[in-house]
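Written out below as structure tokens is the structure these notes cover.
The values are calculated or read from the model by the stated rules, or taken from the named source; none is laboratory data. These numbers come from a predicted model, not from an experiment. Every residue, glycine among them, receives a Cβ derived from its backbone with ideal geometry; neighbour counts consider all protein chains shown.
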Amino acid sequence: MTDPYQPGYGPQYGAPGTGPGMGGQPQPGPQDAYGQSNPYNQQVYGQQPGYQQPGGYPQPGYPGAMYGQPAGFDPQAPFGRDMYGMPYSDKSKLVAGLLQLFLGGFGAGRFYLGYNGIAVAQLLVTIFTCGLGGLWPLIDAIMIFIGNVPDTYGRPLQDS
């Protein structure tokens with residue numbers, strides 16, 4: 001007689017001694033999504049309901065669908081993200097650098113980026129030194145081109 005406390009005994013395993021890990025033939029189990037037998041009741045990994053392949057346009061219930069935005073659109077980062085996950089600014093590094101290089105004595109690059117206090121200070125230094133304070137805007141333009149100056153919200157500037 002078989003001991004009922006041994007593993008592999010019971011109606012869910014069929015005959016005694018034929019359960020998982022007990023030798024013998026595996027019992028038929030549920031079928032997977034493709035109609036194939038899954039004798040050991042393993043979890044079947046497949047496409048989840050409601051999953052949409054990347055690329056294409058979103059389903060009508062997607063928040064960006066009413067604006068015609070693609071499925072991968074991130075509303076918190078409309079200009080993309082840098083390699084650290086920070087969203088890019090709506091300001092361009094090239095435009096800010098060129099404004100600061102050619103019109104930096106007037107604080108044009110800093111006005112463009114939204115740093116109004118620094119822009120006014122550059123303008124006043126240029127006026128009170130009769131144009132000799134032009135070294136500060138030149139160094140500032142180099143710092144903008146290198147990428148060390150974010151916008152007023154701390155977001156990195158776009159490369160183009």
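Listing for the model above:
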{"item": "Tally of residues being assigned to a loop (DSSP other than H, G, I, E, B) and under 37 Å from the mean Cα position of the chain (by Cα) across region 111-160", "result": "15"}
{"item": "Residues of region 63-78 satisfying the condition of being surrounded by 14 or more Cβ atoms within 10 Å (Cβ to Cβ) and either among the aromatic types (F, W, Y) or modelled with pLDDT of 80 or more (or both)", "result": "F73, A77"}
{"item": "Matching residues, region 120-159, being over 17 Å from L101 (Cβ atoms) and among the polar types (S, T, N, Q)", "result": "T129, T152, Q158"}
